[in-house]
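Chemist: I have a structure here, written as structure tokens, and I will follow up with some questions on it.
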Amino acid sequence: MTTPLWCVAIGCLLPYVWGILAQAGRFKKVGRKFDNKLPRVQQMEMTGWCARAYGAHNNAFEAILVFAPAVIIATMVGADPVWTERLAIAWVGFRVAHGLLYIANVDIVRTLLFVGGYTCAMGMFVLAAQA
């Protein structure tokens, strides 16, 4: 498997990393066990860092929906493999930093990291168009 495809695999795991952190915080903040019948109600009660971890969880799902097709299409059409790899690795770095800063409540830099990751994905679409 190529590095960009491994990056997709990592990207698919990131929502669960942030989600596990959110759940751990929810148990401490909400003060009760997980409600599997109405989990969304508990999620709406979250505040502070665990609410932000849940936001990072949701955002990671949204981001992978752009990144995965970009990698797959770039790979399928034979886009420049060196640049595809560079952009994929950069995307992972941007997304990991984005999640950490989301939880840490560093909003402006977090937004810049989001834009950086999105730009990497769009760059792969450009590479695919040029191939």
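Chemist: Explain nothing, just the number: dipole magnitude of the chain about its Cα centre with +1 on each Lys and Arg Cβ and -1 on each Asp and Glu Cβ, in debye rounded to the nearest 20.
Modeler: Roughly 680 debye for the chain.
Chemist: A follow-up question, please. Any idea which of P81, Y102, P39 is furthest toward the positive side of the dipole for the chain, if Lys and Arg beta-carbons carry +1 and Asp and Glu beta-carbons -1?
Modeler: Farthest towards the positive end: P39.
Chemist: Once phi is turned into ³J(HN,Hα) by the Karplus curve 6.51 cos²θ - 1.76 cosθ + 1.60 with θ = phi - 60°, what whole-Hz value does each residue of region 85-92 show in order, with x for glycine and proline?
Modeler: Per residue, the Karplus-derived 3J(HN,Hα) values read 5, 4, 5, 5, 5, 4, 4, 4 Hz.
Chemist: Oh, and also: Please name whichever of N59, A70, M1 sits farthest to the positive end of the charge dipole of the chain, dipole taken about the Cα centre and charges placed at Cβ: Lys and Arg +1, Asp and Glu -1.
Modeler: Positive-most Cα among the choices belongs to N59.
Throughout, read-outs are computed from the coordinates displayed, never taken from laboratory work. Everything numeric in this text was worked out from a predicted model, so none of it was measured. Here the Cβ is made from the backbone with ideal geometry for all residues, glycine too, and neighbour counts use every protein chain on show.
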